[in-house]
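For reference, the structure is listed below as structure tokens.
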Amino acid sequence: MSRAVLQPSQQKLAEKLTILNDRGLGMLTRIYNIKKACGDPKAKPSYLIDRNLESAVKFIVRKFPAVETRNNNQQLAQLQKEKSEILKNLALYYFTFVDVMEFKDHVCELLNTIDACQVFFDITVNFDLTKNYLDLVVTYTTLMMLLSRIEERKAIIGLYNYAHEMTHGASDREYPRLGQMIVDYENPLKKMMEEFVPHGKSLSDALVSLQMVYPRRNLSADQWRNAQLLSLISAPSTMLNPAQSDTMPCEYLSLDTMEKWIVCKCGTVTKCSMHRERRKFLRSALKELATVLADQPGLLGPKALFVFMALSFARDEIIWLLRHADNIQKKSTDDFIDKHIAELIFYMEELRAHVRKYGPVMQRYYVQYLSGFDAVVLNELVQNLSVCPEDESIIMSSFVNTMTSLRVKQVEDGEVFDFRGMRLDWFRLQAYTSVSKASLGISDHRELGKMMNTIIFHTKMVDSLVEMLVETSDLSIFCFYSRAFEKMFQQCLELPSQSRYSICFPLLCTHFMSCTHELCPEERHHIGDRSLSLCNMFLDEMAKQARNLITDICTEQCTLSDQLLPKHCAKTISQAVNKKSKKQTGKKGEPEREKPGVESMRKNRLLVTNLDKLHTALSELCFSINYVPNMVVWEHTFTPREYLTSHLEIRFTKSIVGMTMYNQATQEIAKPSELLTSVRAYMTVLQSIENYVQIDITRVFNNVLLQQTQHLDSHGEPTITSLYTNWYLETLLRQVSNGHIAYFPAMKAFVNLPTENELTFNAEEYSDISEMRSLSELLGPYGMKFLSESLMWHISSQVAELKKLVVENVEVLTQMRTSFDKPDHMAALFKRLTSVDSVLKRMTIIGVILSFRSLAQEALRDVLSCHIPFLRMLLEKTHAFLSPFVSQVAMNVYELSSAAGLPCEIDPALVVRSDGNISPEEEYKIACLLMVFVAVSLPTLASNVMSQYSPAIEGHCNNIHCLAKAINQIAAALFTIHKGSIEDRLKEFLALASSSLLKIGQETDKTTTRNRESVYLLLDMIVQESPFLTMDLLESCFPYVLLRNAYHAVYKQSVSASA
């Protein structure tokens, strides 16, 4: 190229530098992906590891770049078979190398043009031109070195070319030059040193211009501290003054970028300790800056330069640490491991958030700055130019006009600004005025260059804030250092003082997509997936850590609540009594038991308990979780608080079930009242979480506690409802059936009976009114309904067995039903009955279950009276209004009332469970005969030793007093189903029962009439329990004098027994 014919103004240096820099980044990305794929056995092209092609590949590499296909048919035979597939699958790799070659050609051509034009470079004057020139040199150098690191490059290019020659009969037209380039760059450093000899002057001029910038940027932390760098409050009087500099864009120019430029030429070294001290200084400086700007966001206008300088400085130190993390020297480990790095990243993110949030504030400031000051100063500079060619004059005038036309109203109206054209014009103008023979030389008008650089910065504050944030604070490099990234995160969580900054790690994942390039679209998915997986992992770990802290706090609080349980007061009462009576019990050295609440007494402010540490750690971590409501990573929205909510739900569910302490082997379970105390303590702690994080803890309670009212939760695991239902049915009520436990109506509880084999639990501690209320609180109406349905299932199985016994004795019972007034005939028929004891036992079991259900219903009624008093009152009134009627509407109301714990004359659950599968007529007959069977069987109870009535418990130790409830409830249910008259059938039962019991009054056998009076009382209990029978009706069947004498006898017997 001859300089005589070269016209610098027509070389379009600005455009070429812009395009080639972007293209170079794209090529770097593609070559990096090829290198990464070739280094991964899973992603490597299959032809490079195919054993059938191994000899062919070795031959091609050995002969590269020569092509010999004629005399090597045996080695290349397999290649001949797969040539079409090789052409198809290696085309992307091959043409990427071709693109690199073309890029090299364009770069070399441009560098030669720049040398020929004798371009003037000075980073402080023509910033864009110098920076782009140096960036291109670095990109080109990096690309060629990375290319030489791909070990399979010869194999890929050679394979493709051989396949091309076998298919088309000739080598690819680009192959000779491409092959030669690969050979030439076997030693890239040597080759490029030769290449850059002609460009030495231009490159040296550009680098020498850094001598005013690089030393100033590479100061020690002490020098920064002495200069009060980045401080807004060090000089309050100048706080509102705009931050000015003659080298505005150089102030936030990355030190990492400058070092890359310098390394290409001569290399640079800095001490590790210097970087450590810089990070320490920047943490405090950025914290101060972020705090002041949060309080006074208006300062973002005049002090915007400080913000971007701070971001750039911090990013340089973080990148230095990250790159050295995998190359730690044993002697100076502390210099390469920074446990406080999260704090620095966090303040960077905080500054970025301020810029994004208060962007309009900055726009208003700089729109006025550009139109009111910059335009005026630039106009004066242009007017004072001694020489100004027409083209340059037009461009400068357009700058002034563009800035003069700006108005604040444009910002208020939300108008979108775009100064990219103006910035590109300035770039062009730099190129025009930097060549050696320019009419208007920028080297002679340095003030113009510095002023325009300042104006360009101001335009970026109006329309390119996001791009400025990427330029100065993008940390997408973490995407390629996953191991170091995760290690930093773990160190952050392990240090309680740093956990409040842990949110910065998920926020960094939002940066990752900025490192992708349109020339390598396939990388976008890999980086996107990595950003999503890392963000998800970080948020999940943060939520787990918070959950574990909350669980530990809950455990501590449950322990404290447990100390307040009534069972722990016995020892305290005993000590008080002994102290009062001056009795000395226990050993002298035995320590006095601490009373609940002692842990709250502090003798020293410095005393820190475990609970204090847990709360401190939790508040720090919750600050991080609550820092942002959501974040967008690769078009996916993450909500940190939802992670915590989800983990709390899962842990709360497991904790509730765990606190039941159910042991299937020993059938042990926690008392409902103790579980309720623990659950309430747990809920109190969870409720306090709302003070730290803006989450709806009520939603957690609803989701978890409502699931616990079902027999299985959403994960198919058993709930407290299923555990307690199984325990009460299979353990407590089974022991009642075995005769080890009795129901005491006076105490409204089940009580252990003295037996040879003592039970492992005290039934009263699980069935008294307080425990049943606690159970109702825990299970709620849904859970209590499930308990009720389970009880009814057991009753229905007993009723089914009773019906079978009736069918076995149907003829005898039919005769007995009509012969109750014939004593002798009845006696003969009774002897023909079978399974009399079984009928009474099964009816007693039904009565016991119904008694337990009555306790549960009463407890539920009491609980609901506290929670929904007005709704319960409405149910009572509706229930009372419909009581006299038996219809489908009434049954629906009964079902609703029963679910609320209200007693019903007809139990709807029992009605549903008692419905049979045989014909209605036959079913009705069996129901009537069942009542006959029970009535005529009652006298046999008198011979049982355990049938004695106890006034103290208002019942019998063998639970036959529960027969009253069983008879009434079963009769009401059976005759409701078959549309019979409940009252008539109960009258019939009363007549048969009275007749049968009156007969035992004539018996002389003491064994048979042992507990005759106690059995008589059953009639009174049946009538008292029934809403359909009256005492007048009983008087007509059974003389009341006998009942009075029976009560007198059992009370007299009780007194004599106790004496």
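The values are calculated or read from the model by the stated rules, or taken from the named source; none is laboratory data. As the structure is a computational prediction, the values presented were derived from the model and not from experiment. Neighbour counts run over all protein chains shown; Cβ positions are idealised from the backbone, glycine included. These accessible areas exclude ligands, DNA and RNA; they are computed on the full protein's heavy atoms, side chains included. Shrake-Rupley method; radii C 1.70, N 1.55, O 1.52, S 1.80 Å.
Please determine, by comparing only the residues of the range 172-200 that are in a loop (DSSP other than H, G, I, E, B) and open to solvent by 40 Å² or more (accessible area, probe 1.4 Å), which one is nearest to D115 (Cα to Cα).
It comes out as P198.
For residues that are over 23 Å from V628 (Cα atoms), in a helix (DSSP H, G or I) and open to solvent by 10 Å² or more (accessible area, probe 1.4 Å), tally how many sit in the range 513-555.
Count: 9.
Which one of these is of a type in the set (A, V, I, L, M), open to solvent by less than 10 Å² (accessible area, probe 1.4 Å) and in contact (Cβ under 8 Å) with a residue 40 or more places away in the chain: L203, L147?
The match here is L147.
If I go through the range 426-468 residue by residue, how many of them are part of a helix (DSSP H, G or I) and more than 12 Å from L129 (Cα to Cα)?
If we filter the range 426-468 for residues that are part of a helix (DSSP H, G or I), which is where we start, we get 426-434, 442-444, 446-463, 465-468.
Add one more test, that the residue is more than 12 Å from L129 (Cα to Cα), and what stays is 443-444, 446-448, 450-452, 454-463, 465-468.
Looking only at that region, the number is 22.
Restricting to the range 396-421, what's the tally of residues that are aliphatic (A, V, I, L, M) and loosely packed, with under 15 Cβ neighbours inside 10 Å? Talk me through it step by step, then tell me what you get.
Step one: of the range 396-421, the residues aliphatic (A, V, I, L, M) are 396, 400, 403, 406, 408, 411, 416.
When the remaining residues are screened for being loosely packed, with under 15 Cβ neighbours inside 10 Å, the result is 408, 416.
Residues that pass the stated criteria total 2.
Within the range 691-712, can one find any residue that is surrounded by fewer than 19 Cβ atoms within 10 Å (Cβ to Cβ) and under 30 Å from P951 (Cα atoms)?
No.
Yes/no per residue for (1) in contact with a Pro (Cβ under 9 Å, 6 or more places away or on another chain); (2) more than 17 Å from Q78 (Cα to Cα); (3) modelled with pLDDT of 90 or more; (4) of a type in the set (V, I, T):
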{"position": "T167", "(1), (2), (3), (4)": "no, no, no, yes"}
{"position": "A170", "(1), (2), (3), (4)": "no, yes, no, no"}
{"position": "M181", "(1), (2), (3), (4)": "no, yes, yes, no"}
{"position": "D184", "(1), (2), (3), (4)": "no, yes, yes, no"}
{"position": "S202", "(1), (2), (3), (4)": "no, yes, yes, no"}
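Kindly indicate the residue of the range 631-646 that is polar (S, T, N, Q) and free of Cβ contacts under 8 Å to residues at least 40 places away in the same chain and also least open to solvent (accessible area, probe 1.4 Å) among those meeting that condition.
Among residues in the range 631-646 that are polar (S, T, N, Q) and free of Cβ contacts under 8 Å to residues at least 40 places away in the same chain, the one least open to solvent (accessible area, probe 1.4 Å) is T639.
Can you work out which of the residues in the range 122-144 that are of a type outside the set (S, T, Y) and either open to solvent by 10 Å² or more (accessible area, probe 1.4 Å) or touching a Lys or Arg at 6+ places or on another chain (Cβ under 6 Å) (or both) is nearest to W426 (Cα to Cα)?
Of everything passing the filter in the range 122-144, D128 is nearest to W426 (Cα to Cα).
How about the range 807-840: which of its residues are in a helix (DSSP H, G or I), touching a residue at least 40 places away in the same chain (Cβ under 8 Å) and either surrounded by fewer than 18 Cβ atoms within 10 Å (Cβ to Cβ) or more than 60 Å from the chain's Cα centre (by Cα) (or both)?
If we filter the range 807-840 for residues that are in a helix (DSSP H, G or I), which is where we start, we get 807-808, 810-818, 823-831, 836-840.
Next, from what is left, pick out any that are touching a residue at least 40 places away in the same chain (Cβ under 8 Å): 807, 810, 813-814, 816-817, 823, 826-827, 830, 836-837, 839-840.
Listed by number, the residues that qualify are V807, V810, L813, T814, M816, R817, P823, M826, A827, F830, V836, D837.
If you take the residues in the range 206-234 that are among the β-branched types (V, I, T) and touching a helix residue (DSSP H, G or I) at 6+ places or on another chain (Cβ under 8 Å), which one is least open to solvent (accessible area, probe 1.4 Å)? Walk me through how you get there before you give the answer.
Of the residues in the range 206-234, the ones among the β-branched types (V, I, T) are 208, 213, 233.
Adding the requirement that they be touching a helix residue (DSSP H, G or I) at 6+ places or on another chain (Cβ under 8 Å) leaves 213, 233.
Numbers: V213: 1, I233: 87 Å².
The residue in question is V213.
Every residue in the range 163-195 that is in contact (Cβ under 8 Å) with a residue 12 or more places away in the chain and under 30 Å from D122 (Cα atoms), please.
The answer is P188, L189, K191, M192, E195.
Quick one: which residue in V377, V355 is under 33 Å from the mean Cα position of the chain (by Cα) and farther than 17 Å from A221 by Cα?
None of the others qualify; the one that does is V355.
Give me a count of the residues in the range 34-61 that are open to solvent by 20 Å² or more (accessible area, probe 1.4 Å) and under 30 Å from K131 (Cα atoms).
Within the range 34-61, residues that are open to solvent by 20 Å² or more (accessible area, probe 1.4 Å) and under 30 Å from K131 (Cα atoms) number 2.
Checking L6 against (1) part of a loop (DSSP other than H, G, I, E, B); (2) modelled with pLDDT of 90 or more: exactly one of these is not met. Which one?
The number of the failed condition is (2).
Residues being in a helix (DSSP H, G or I) and out of contact with any strand residue (DSSP E or B) (no Cβ under 9 Å at 6 or more places or on another chain): count how many of those fall in the range 656-706.
So the count comes out to 33.
In the range 148-171, which residue that is under 56 Å from the mean Cα position of the chain (by Cα) and not in a helix (DSSP H, G or I) is farthest from A56 (Cα to Cα)?
Going through the qualifying residues, I end up with R149.
Identify all residues within the range 422-437 that are open to solvent by less than 30 Å² (accessible area, probe 1.4 Å) and either over 18 Å from L17 (Cβ atoms) or small (G, A, S) (or both); write none if there are none.
A431, S434
Taking the range 917-943 on its own, how many of its residues are among the β-branched types (V, I, T), in a helix (DSSP H, G or I) and more than 23 Å from T1009 (Cβ to Cβ)?
Total meeting the criteria: 1.
Count, please, the residues in the range 981-1020 that happen to be touching a Leu at 6+ places or on another chain (Cβ under 8 Å), surrounded by fewer than 19 Cβ atoms within 10 Å (Cβ to Cβ) and in a loop (DSSP other than H, G, I, E, B).
Here the count works out to 1.
When you go through R842, R861, R853 one by one, which is the residue that is farther than 27 Å from G780 by Cβ, modelled with pLDDT of 90 or more and not hydrophobic (A, V, I, L, M, F, W, C)?
R842
Taking the range 1021-1059 as the region of interest, how many residues are more than 60 Å from the chain's Cα centre (by Cα) and touching a residue at least 24 places away in the same chain (Cβ under 8 Å)?
Summing the residues that are more than 60 Å from the chain's Cα centre (by Cα) and touching a residue at least 24 places away in the same chain (Cβ under 8 Å) in the range 1021-1059 gives 15.
When the range 485-512 is examined, which residues are found to be hydrophobic (A, V, I, L, M, F, W, C) and open to solvent by less than 10 Å² (accessible area, probe 1.4 Å)?
Within the range 485-512, F485, F489, C492, I503, C504, F505, L508, C509, F512 qualify.
Can you name the condition, by its number, that V628 falls short on among (1) among the β-branched types (V, I, T); (2) outside any loop (DSSP other than H, G, I, E, B); (3) open to solvent by less than 50 Å² (accessible area, probe 1.4 Å); (4) over 17 Å from Q557 (Cα atoms)?
Every condition holds for V628 apart from (2).
Can you pull out every residue in the range 172-185 that is over 52 Å from the mean Cα position of the chain (by Cα) and within 13 Å of F64 (Cα to Cα)?
Passing the criteria: Y175, P176, R177, L178, G179, Q180, M181, V183, D184.
Out of everything in the range 864-894 that is open to solvent by 20 Å² or more (accessible area, probe 1.4 Å) and of a type in the set (G, A, S), what residue ends up being modelled with the lowest pLDDT?
S883
Looking at (1) assigned to a helix (DSSP H, G or I); (2) small (G, A, S); (3) open to solvent by less than 80 Å² (accessible area, probe 1.4 Å), find the lone condition where S237 falls short.
That leaves (3) as the condition not met.
Between R734, R773, which is closer than 22 Å to L565 by Cα and basic (K, R)?
Checking each option against the conditions leaves just R773.
Out of everything in the range 1021-1042 that is in a helix (DSSP H, G or I) and over 18 Å from L986 (Cβ atoms), what residue ends up being most open to solvent (accessible area, probe 1.4 Å)? Working first, answer last.
First, the residues of the range 1021-1042 that are in a helix (DSSP H, G or I): 1021-1025, 1031-1037, 1040-1042.
Remaining after also requiring over 18 Å from L986 (Cβ atoms): 1040-1042.
On the way: Y1040: 99, V1041: 65, L1042: 53 Å².
Out of the qualifying residues, it is Y1040.
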